[in-house]
Amino acid sequence: EAVVKSDAADRAAHHGDGGDDSDRDAPDDTDDLDDPLEFEAWRVRELARATRERDDREKAAEDEKETLRRRALTPAERAAEDAESGKGVKKEKAKWKFLQKYHHKGAFFMDDETLEKAGEGDVRRRDTDGAVLDDTFDKAAMPKVMQVKD
C-alpha cells in the first residue's frame, strides 16, 4: 500500500498538479490544419480512388456477365466463338537448323499492358529462335568430327 502511494506521488510530481495526463510533452501536430491546397489534393486523391474502385466493380460485374453468358453456350457455340476470336490457337514453332544453339528468351516480365505500349525494338519482342553467328551456315556439310554442339 505504501508503494502504491509513493508511485502516485511520483506521478503527481512528474506531471505537475494532480497527475493529469496532459499532452504538454507531445510534439505539436497542428501544422497546416486549414491548408486549402492539401485539402484539395486529398479530395482529388479520394475522388480518383472512388472512381478507380467503381471502375473495378463495373469490370468485375462485366466479367461475371461474360462468364455466365459463356457457361450458357453449348460446346459447339463456345468452340466457334473461340475459333473466331483466335483463342486457343497455338503459334507455329520455328524450324531450327541442324545443331543450332538454344538461346533463352530471358526472364523479362511479359504482361500485356506494357507489351502493348512497347515499341517494335523492345527486347521482349525479339525472335530468339532464329539462327545467329555460327548457326547461319550449314553444319551438315562439315566433317562428322566437327559436327559437335558445344
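Please treat every number below as a calculation from the coordinates, not as lab data. Please read all numbers here as calculations on a predicted model, not as lab measurements. Note: ideal-geometry Cβ built from the backbone for every residue, glycine included; neighbour counts use all protein chains shown.
The table for this structure:
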{"quantity": "Karplus-derived HN-Hα couplings along the range 74-85 (A = 6.51, B = -1.76, C = 1.60, θ = phi - 60°), whole Hz, x at Gly and Pro", "calculated": "6, x, 5, 5, 5, 5, 5, 5, 5, 5, 5, 7"}
{"quantity": "Top positive-direction residue, dipole computed over the range 32-80 with Cβ charges, set ALA60, LEU37, LEU73", "calculated": "LEU73"}
{"quantity": "Exceeding the 32 Å Cα-Cα cut-off - candidates LYS90/LYS144; LYS59/LYS93; LYS87/LYS139; LYS59/LYS117", "calculated": "LYS90/LYS144; LYS59/LYS93; LYS87/LYS139"}
{"quantity": "Contour minus Cα-Cα distance for GLU64 and SER22 (0.36 nm per residue)", "calculated": "9.6 nm"}
{"quantity": "Cβ crowding within 10 Å averaged over residues, with 84-95, 40-51 ranked highest first", "calculated": "40-51, 84-95"}
